[in-house]
């Protein structure tokens, strides 16, 4: 009986995966994508390449990944972002793959009444957190847009907030309620007192963030706090 050849048909993950993703980031930069989009696409492409175990995935690899991703119970918008990042990666390789955009499910299952909204905010006892959450809610901001707000973006007299570099790189002006206006006044007054105590030397002309923490902290904090308050409200 002929002996079975001991051949390893597996495809090991290339050692130069980091170099591949650096090249991919440069490609995305050259075609004009924003930094936040570049990082999201690169992260998704990295997961795709590790799944395929090669930096030259085939159409069959994409189809396997696409099928598996639907089993991860991801939202439709997240699945779309995976597809966009993978499509761009194949375009960098000079290949075109067809991806299907999934229509997001934007159905709102529950509307909070004004009284319910007040009850949610009533359990927030930290002034800064309350200012963050009310600004998010009344101005309909994304967490990243909240984190990017500077003092010069806020116009309390006209009760409006300027949004710079929003979704798609667009700018907009969002109105805020008188309730949000008042809590922001209190927060900014308290922040000014704290700064005078900590370090009186903020240089003139320096752009100051309204909520001066790292963006990653703000995003996590905002939604963690909000979920906790909603849980308290529902209980």
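Give the calculated FRET efficiency between residue 125 and residue 164 to the nearest 0.05, with a Förster radius of 41 Å applied to their Cβ-Cβ distance. My answer for the efficiency is 0.85. Fully extending the segment from residue 36 to residue 116, taken as 0.36 nm per residue of separation minus the present Cα-Cα distance, adds 25.4 nm. Length gained on full extension, residue 84 to residue 56, computed as 0.36 nm times the residue gap minus the Cα-Cα distance: 8.4 nm.
Coordinate-derived values only; no laboratory data. None of these values were measured; they are calculated from a predicted model. With ideal geometry, Cβ positions are generated from the backbone for all residues, glycine too; neighbour counts draw on all protein chains shown.
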